[in-house]
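Working notes, beginning with the structure itself.
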Amino acid sequence: MMTYEESANYLNEIAGFAKKTTPDHIKYLLSCLGNPQEKLKFIHVAGTNGKGSVCRFLEALLESQKKHTGVFTSPHLLQINERIRIHGENVPDRIFAEACSSVREVVDQTVEKGAEHPSFFEFLFLMALVIFYEQKIDLCVIETGMGGRYDATNVILPEISIITSISRDHMEFLGNTLCEIADHKAGIIKDQIPVLSAKQVPEVEQVLKNEARTHHADFQCVSEDNLKFHEKHGKYIDFLNVNAYDKKRHVRKNIAGDFQEENFALALTAVQKICVEISDQDIYEALKNVEIPGRMEEIAPGILIDVAHNIQGIEAFVRTVERYFPGKKRILFAASHKNEEEYMKDILKRLPGIEQFYTVAIHGRSINRDEFENVFRQMIDGSGKEEVCFVVGSFYLAGMAKEFISQEEEDVRL
């Protein structure tokens, strides 16, 4: 059996040669693995922005109901096993390595017979299903990789499908119009399986409704308004406010962003549909404990990272910063979508109180480490006590910032 390090190296090698296959090929590989997907229950999450947050909210709410959860998301910030979580934690190295070894053995056998090698993402998805089955998971939360209709994850039959906010992203693969992109996302809708959707622009909502109608699937739009009846009871007003404190319980909330209210509403509505009614106390505890890496995450005092990486995400980031951080600020930005880079810069530069604006370049799927460390240190070393530093844009950028801070903290301890 491979070690965790050997597994991670092998998976990174896959990224260098294997390309995306088809859902039919994934079904074939799953049949070779014993069809674990047929023995599991799922919640399927697609969309452009907010998928990862919805998955984390679902995990916290389900765990509050004593459900054993498995969560599959992407990408990761620091370690590859962040993509597969069981019981509210990243999958342990040993279990990760065992699953990688099992899947590799089956894949090697199929490749010898002339089959295609699954891609990096597809291989990890196969590993996740193997792990969830072996760990006897009650409910698996599965985030699509890109799109939905032709995504590897679309081989599952969920209890409920969730579609978060849809905007222009990955247009080179999903289409040039919102309707074309929405058609890909709508592909996760299954016969008679309920669908929850975030608020969408009218043309996108119509695409989703048409798909739901074709599949005789109940369709419901969910927004932050779905939380109002709870707020009237005064149980968790402003839970999604990074600066809000519950004076009675002395608990600091760590999730910023008005957009998170809609994401939480989607997760809560889904759990209420497939579980018994959740008490306000359970909701409080779930929100108190949930952490969403890379989403307005404070990695050190006065230093926050956010993985907003498209126009809609950047606009939401700006609204959040304007509301909760009115003072002086410094921003480090990197874009992986070059066709939107200048427009996103313009949006960010409209923020009041910007003292310095830094950028680093992304080359393919990487950022030059020396360039990043030079710019990042320049930003944080030059900031005053009243300034807040933001690292925003690519997952690669956020991951490097988090890794840098972790290494600095470790060096101090040594």
Toy charge model, Lys and Arg Cβ at +1, Asp and Glu Cβ at -1: region 84-134 dipole around Cα centroid in debye, rounded to 20, equals 80
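Helix-only estimate, please: 222 nm mean residue ellipticity of the chain, summing -39500 (n - 2.57) across DSSP H runs of length 4 or more and dividing by its residues, to the nearest 500. Numbers along the way, then the final one.
Working: 15 runs with 185 residues, N = 414.
Calculated at 222 nm, the ellipticity per residue is -14000 deg cm²/dmol.
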Across the alpha-carbon set of region 1-40, Rg over Rh with Rh taken as the Kirkwood radius works out to 1.08
The base-10 log of I(q)/I(0) that the Debye equation returns for region 273-402 at q = 0.09, 0.18 Å⁻¹, one scatterer per C-alpha, is -0.30, -0.94
Region 264-361 accessible area per residue, 1.4 Å probe, protein heavy atoms, integer Å², reads 41
Computed on Cα atoms only, the convex hull of region 93-182 has an orientation-averaged projected area in nm² of 7.6
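DSSP beta bridges in the chain, what fraction antiparallel, as a percent rounded to 5? If you can, show how the numbers build up before the last one.
Working: 13 of 46 bridges.
Among the beta bridges of the chain, antiparallel pairing accounts for roughly 30 percent.
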Between the residues Ile84, Leu58, Pro23, the Cα farthest towards the positive end of the dipole of the chain, that dipole coming from +1 and -1 charges on the beta-carbon of Lys, Arg, Asp and Glu, is from Leu58
For region 54-120, the percent of all C-alpha pairs falling in each 5 Å bin, from 0 up to the bin holding the max distance, is 3, 15, 20, 19, 16, 13, 8, 4, 2, 0
Sorted by chain and number, the residues with a modelled amide H under 5 Å from that of Cys140, at a separation of 5 or more or across chains, are Lys41, Phe42, Ile43, Gly70
Amide H proximity to Leu332 below 5 Å, modelled H, separation 5+ or other chain, gives Tyr358, Phe390, Val391, Val392
Log entry: pair-distance distribution for the chain, C-alpha pairs binned every 10 Å from zero, whole % per bin is 4, 21, 32, 28, 13, 2, 0
Share of accessible surface on carbon and sulfur in the chain, whole %, 1.4 Å probe and ligands ignored, is 46
On the formula 1/(1 + (r/R0)^6), with r taken between the Cβ atoms of His87 and Glu13 and R0 of 22 Å, the FRET efficiency rounded to 0.05 is 0.15
From the cross-link list Lys345/Lys402; Lys39/Lys273; Lys199/Lys338, the entries with a Cα-Cα span beyond 24 Å are Lys199/Lys338
Rg from C-alpha atoms of region 282-355, normalised by the globular rule of thumb 2.2 N^0.38 Å, equals 1.23
Answer in debye to the nearest 20: the dipole magnitude of the chain about its Cα centre, from +1 Lys/Arg and -1 Asp/Glu charges placed on Cβ, is 840
Length-normalised contact order of the chain, Cα under 8 Å, at least 6 apart, in percent, tallies to 16
A correct Karplus calculation of ³J(HN,Hα) over region 376-387, with 6.51 cos²θ - 1.76 cosθ + 1.60, θ = phi - 60°, whole Hz and x for Gly and Pro, returns 5, 5, 4, 5, 6, 6, x, 7, x, 5, 8, 8
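Please express the shape of region 336-414 as an equivalent ellipsoid: the semi-axes are the square roots of 5 times the eigenvalues of the C-alpha gyration tensor, given largest first in whole angstrom.
Values: eigenvalues 104, 67, 17 Å².
Taking √(5λ) for each Cα gyration eigenvalue gives 23, 18, 9 Å.
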Amide H proximity to Ser119 below 5 Å, modelled H, separation 5+ or other chain, gives Thr21
At q = 0.23 Å⁻¹, the log10 of I(q)/I(0) for region 172-212 from a Debye sum over equal Cα scatterers comes to -0.73
Expressed as a percent, the portion of alpha-carbon pairs in region 1-146 spaced more than 18 Å apart is 55
Cα gyration tensor of region 316-378 diagonalised, 5x eigenvalues square-rooted, in angstrom largest first, produces semi-axes 22, 15, 9
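What does the extension gain come out to for His215 and Asn35, with contour length at 0.36 nm per residue minus their alpha carbon separation?
Numbers: separation 180, 0.36 × 180 = 64.80 nm, distance 2.42 nm.
Computed gain between His215 and Asn35 is 62.4 nm.
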Which of Lys27/Lys67; Lys20/Lys113; Lys27/Lys190; Lys19/Lys113 exceed 23 Å between C-alpha atoms? The answer is Lys27/Lys67
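The values are calculated or read from the model by the stated rules, or taken from the named source; none is laboratory data. The model shown is predicted, which means the values in this text are computed figures rather than measured ones. Please note: Cβ atoms are built from the backbone with ideal geometry, for glycine as well, and neighbour counts cover all protein chains shown. Calculation scope for accessible area: heavy atoms of the full protein, side chains included, ligands and nucleic acids excluded. Shrake-Rupley method; radii C 1.70, N 1.55, O 1.52, S 1.80 Å.
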